[in-house]
1. Here are some residues: Ala217, Ala198. Which one is more than 22 Å from Arg311 (Cα to Cα), of a type outside the set (Val, Ile, Thr) and buried (at least 18 other Cβ atoms within 10 Å of the Cβ)?
2. Assess whether Ala93 counts as being open to solvent by 60 Å² or more (accessible area, probe 1.4 Å) and of a type in the set (A, V, I, L, M).
3. Which one is farthest from Ala7 (Cα to Cα), of the residues in the stretch 18-73 that are open to solvent by 30 Å² or more (accessible area, probe 1.4 Å) and among the aromatic types (Phe, Trp, Tyr)?
4. Filter the stretch 226-245 for residues that are open to solvent by 20 Å² or more (accessible area, probe 1.4 Å) and not polar (S, T, N, Q); which is nearest to Glu166 (Cα to Cα)?
5. Within the stretch 334-351, restricting attention to residues that are under 30 Å from Arg244 (Cα atoms) and touching a residue at least 40 places away in the same chain (Cβ under 8 Å), which residue is most open to solvent (accessible area, probe 1.4 Å)?
6. Please enumerate the residues belonging to the stretch 139-185 that are open to solvent by less than 70 Å² (accessible area, probe 1.4 Å) and of a type in the set (Asp, Glu).
7. Residues that are of a type in the set (Lys, Arg), farther than 26 Å from Gln53 by Cβ and without any contact (Cβ under 8 Å) to a residue 40 or more places away in the chain: which helices (runs of 4 or more DSSP H) entirely in the stretch 88-191 hold 1 or more of them?
8. Would you call Leu255 of a type in the set (A, V, I, L, M, F, W, C), surrounded by 18 or more Cβ atoms within 10 Å (Cβ to Cβ) and modelled with pLDDT of 90 or more?
Amino acid sequence: MTPLHSAVEQAQALIDFERYDQACALLSQHLAEDPGDTRAWIEIGHCHLKMQQPEQALAAADEALKLAPEDFYVLILRAKALTSGPNSSWRAAEPVLREAVRADPQHWYGYTMLADAVCRMSMVRYFQANGSRKPEPHEVDLVYREATDLAAEALRLGPEEIYAHEIAHQIATFSGNTEAGEQLDRAILRLDPTHPEALARQTRKAAEAPGVKAPRAADLYATGLASAPDSTELQRGLDQATYRMLRGVRWLALLCVGLAAAGMDLFAVEGEVQRELPLPLGQRLWDLVPMTAIWLVGALLRYRRRRAGVRLNVRSLIRRRRWARIVVAQAAWAMLCGLLITQAPWAERTLPQMLFWAGLAPTFATLWFDRHKAMTQRGSR
């Protein structure tokens, strides 16, 4: 192997520290003096890719191809440049990647990128031939067979490479192979326990399993976020679970309103004599006991058992989301109506009955409408 020029070595060090503009300037100066340095063209091409300049990266790859038309790394650079930016073309990259695999049939990366390209182009060719119709179950294996085989070879050559697992998972997802997708997710998490996408998929699966309530789902998402704090998918899941918890609080308030109505026989029942009004002070104070128990057991204790991330997100969500504030306000309004019903020394039942319906109406008016607000509404942090 030809030893690297000192300028290329310095540029590699700058790239490692993400100082791409300085590395690019250094390589440009070196190439002006020695335009035949293939490795320098490769490195400057990668600098342009890091700086979101795919056209310049493609130009660098073309210069390197003139010097080494069968070099694996030059071909990979050209494929990356072709698949980057707004004008990316996997169609043009596919033959380049096939050349890269022929240039180095023992390198896992070429098989991985080629599997990605073949998967994408297989879908494109199928839709072009069949319109917008999705592949039938018996056609799926045929459509994705080559991509699956390439991904399997990439995994064989690079069993510890996360990128190979990611592309294999993508192909398994497109082909509807959920079992293989699950296995690949577990393999990814063994290699990288903080992998955001795999962690989000596994957490979502556990949180959406039958019988999992909102508090438990919130704990699962909070646990995932502790490992991958930058995952927007996990944060979205935690917000949704937290919102479901807040919606559940309204039922506690409505239950208190119902108990308040029952405590003073607000509505006549055939065959039963309603209590005389106003209720004694002792009776009115006693009506607070079941309400307090409901909130202690149903809300406070449940809230305190949640992970710290869930408790923090409850306050954060109320600040960030309008509908979270609305459901909390509805619960507070219902509780206020319930307290007024029980604690005021009413001489007649007309006003308490109006308060009863006023406590129920705002919640029931939006009960189904706001169900999916956590999924459709985004709040600023």
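The values are calculated or read from the model by the stated rules, or taken from the named source; none is laboratory data. In this text, all values refer to a predicted model and were calculated from it rather than measured experimentally. With ideal geometry, Cβ positions are generated from the backbone for all residues, glycine too; neighbour counts draw on all protein chains shown. Surface areas here come from the heavy atoms of the whole protein model, side chains and all, with no ligands, DNA or RNA. Shrake-Rupley method; radii C 1.70, N 1.55, O 1.52, S 1.80 Å.
1. Unique residue meeting the criteria: Ala198.
2. No, not satisfied.
3. Filtering the stretch 18-73 for residues that are open to solvent by 30 Å² or more (accessible area, probe 1.4 Å) and among the aromatic types (Phe, Trp, Tyr), the one farthest from Ala7 (Cα to Cα) comes out as Tyr73.
4. The extreme case among them is Glu233.
5. Filtering the stretch 334-351 for residues that are under 30 Å from Arg244 (Cα atoms) and touching a residue at least 40 places away in the same chain (Cβ under 8 Å), the one most open to solvent (accessible area, probe 1.4 Å) comes out as Leu339.
6. Glu139, Glu153, Glu161, Glu166, Glu182, Asp185 - these are the residues of the stretch 139-185 that are open to solvent by less than 70 Å² (accessible area, probe 1.4 Å) and of a type in the set (Asp, Glu).
7. The helices (runs of 4 or more DSSP H) meeting that bar are 90-103, 108-130, 137-157, 178-191.
8. The answer is no for Leu255.
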